[in-house]
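Note sheet for the following structure.
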Amino acid sequence: MILTASGGPFRGKTKDQLLNVTVKEALNHPNWNMGKKLTIDSATLMNKGLEVIEAHFLFNLPYEKIKVVVHPQSIIHSMVAYRDGSVMAQLATADMRLPIQYALNYPKRKEAVIDKLDFYNIGNLSFEKPDVDTFKSLKLAYEAGKIGGTMPAILNCANEEAVSLFLSNKIKFLDIMSICNSLLDIGNILEECMNKFDSQNKYTLEDLLDIEIKVKKYVKDKFIK
C-alpha cells in the first residue's frame, strides 16, 4: 500500500529554514482546506504517520508493506501495488468533501460534490521520497507502530498537545518533532514522550484515557517554560 503526502507548506525546507516559522505560515497549506490541527500535522508529516498506523490496523498489513510517497500535486491519494507489478491508484481533486461524502454514503457513491478531474489541465504528476530527517514525525510514527501496544496512543497524545501548544504560540514548530536546532534544550516533544512512557501490550479503554491525561500533563509541565 502506498500513501501519498502533499509534503505540506514546508516541503523541501531544511531545519534551519524552519527555525522561526509562524503559525500562519504552517497553516498555509498549498492544496488542502482542512482544520488547524490536521493542517499542522500535514506540515510535520504526522498526518501521514497516523495514516500509516491506521492502514496497518485497517488492512492487517505489516509496516514494511506500507510506504509513503510525497506527491505535491495531491491528485493521487493512495495506491495499491500488486505482486504482478501493476499499481492501482485512486485519483481526485484535492477536496476534503469527497472522503466525507464517501464515508457518509458507503458503500454507494453519490453524485459528485467536488470538481471532477480535467486530465487535459492536470499537467505533470511528480513523486519524491519523504524527508524523514527534517520531518521526523513520520519516522517516529513507524517506530511507534512497530513497538505496538499503547505506544501509538502515547505518540498521538504527545502530538495533540504539542500542536495545541504551537497553535497557542507557546512552542516553536521544530519543538514538535526535530531534535536538531530545536530551541528547547531537551530534545523534541514526540521522541521525549516515547522515551518517557512505557508501552503496555494489554490495556483497556480506561488505560488509554489515563495515558492521554498523563502524557498531555507531562508535555505541559516539561516543555512550557
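Can you work out which of the residues in the range 1-26 that are assigned to a loop (DSSP other than H, G, I, E, B) and β-branched (Val, Ile, Thr) is nearest to Pro130 (Cα to Cα)?
If we filter the range 1-26 for residues that are assigned to a loop (DSSP other than H, G, I, E, B), which is where we start, we get 1, 6-15, 19-22.
Among the residues that remain, those that are also β-branched (Val, Ile, Thr) are: 14, 21-22.
Numbers: Thr14: 13, Val21: 20, Thr22: 22 Å.
Across the range 1-26, the extreme among qualifying residues is Thr14.
So, Phe119, is that one surrounded by fewer than 20 Cβ atoms within 10 Å (Cβ to Cβ), in contact with a strand residue (DSSP E or B) (Cβ under 7 Å, 6 or more places away or on another chain) and not aliphatic (A, V, I, L, M) or not? When the stated conditions are applied, Phe119 does not pass them. With respect to (1) in contact (Cβ under 8 Å) with a residue 24 or more places away in the chain; (2) among the β-branched types (Val, Ile, Thr); (3) part of a loop (DSSP other than H, G, I, E, B), the lone exception for Ile114 is condition (1). The single residue among Phe127, Phe166, Phe135 that is in contact with a strand residue (DSSP E or B) (Cβ under 8 Å, 6 or more places away or on another chain) and either in contact (Cβ under 8 Å) with a residue 24 or more places away in the chain or of a type in the set (Ser, Thr, Tyr) (or both) turns out to be Phe127.
Each residue in the range 100-121 was checked for being polar (S, T, N, Q) and over 27 Å from the mean Cα position of the chain (by Cα), and 1 of them qualify.
For residues that are among the small types (Gly, Ala, Ser) and not in a loop (DSSP other than H, G, I, E, B), scanning just the range 43-87, find the one that is farthest from Lys139 (Cα to Cα). This residue is Ala81.
Only one of the numbered conditions (1) part of a helix (DSSP H, G or I); (2) closer than 25 Å to Lys170 by Cα is violated by His29, and that is (1).
The rows are residues; the columns are (1) buried (at least 22 other Cβ atoms within 10 Å of the Cβ); (2) over 16 Å from Ile40 (Cα atoms).
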residue: Pro107; (1), (2): no, yes
residue: Asp115; (1), (2): no, yes
residue: Asp133; (1), (2): no, yes
residue: Ile147; (1), (2): no, yes
residue: Leu167; (1), (2): no, no
residue: Lys170; (1), (2): no, no
residue: Phe173; (1), (2): yes, no
residue: Met194; (1), (2): no, yes
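Take the range 32-42 and flag every residue that is surrounded by fewer than 22 Cβ atoms within 10 Å (Cβ to Cβ), assigned to a helix (DSSP H, G or I) and either of a type in the set (Gly, Ala, Ser) or in contact (Cβ under 8 Å) with a residue 12 or more places away in the chain (or both).
Step one: of the range 32-42, the residues surrounded by fewer than 22 Cβ atoms within 10 Å (Cβ to Cβ) are 32-39.
Subsequent filtering for residues that are assigned to a helix (DSSP H, G or I) retains 36-39.
Residues satisfying the conditions are Lys36, Lys37, Thr39.
All of the numbers you see were taken from the coordinates with simple rules; none came from a lab. Since the structure is predicted, the reported quantities are computational estimates derived from the model, not experimental observations. Ideal geometry is used to build each Cβ from the backbone, glycine not excepted, and the neighbour counts take in all protein chains shown.
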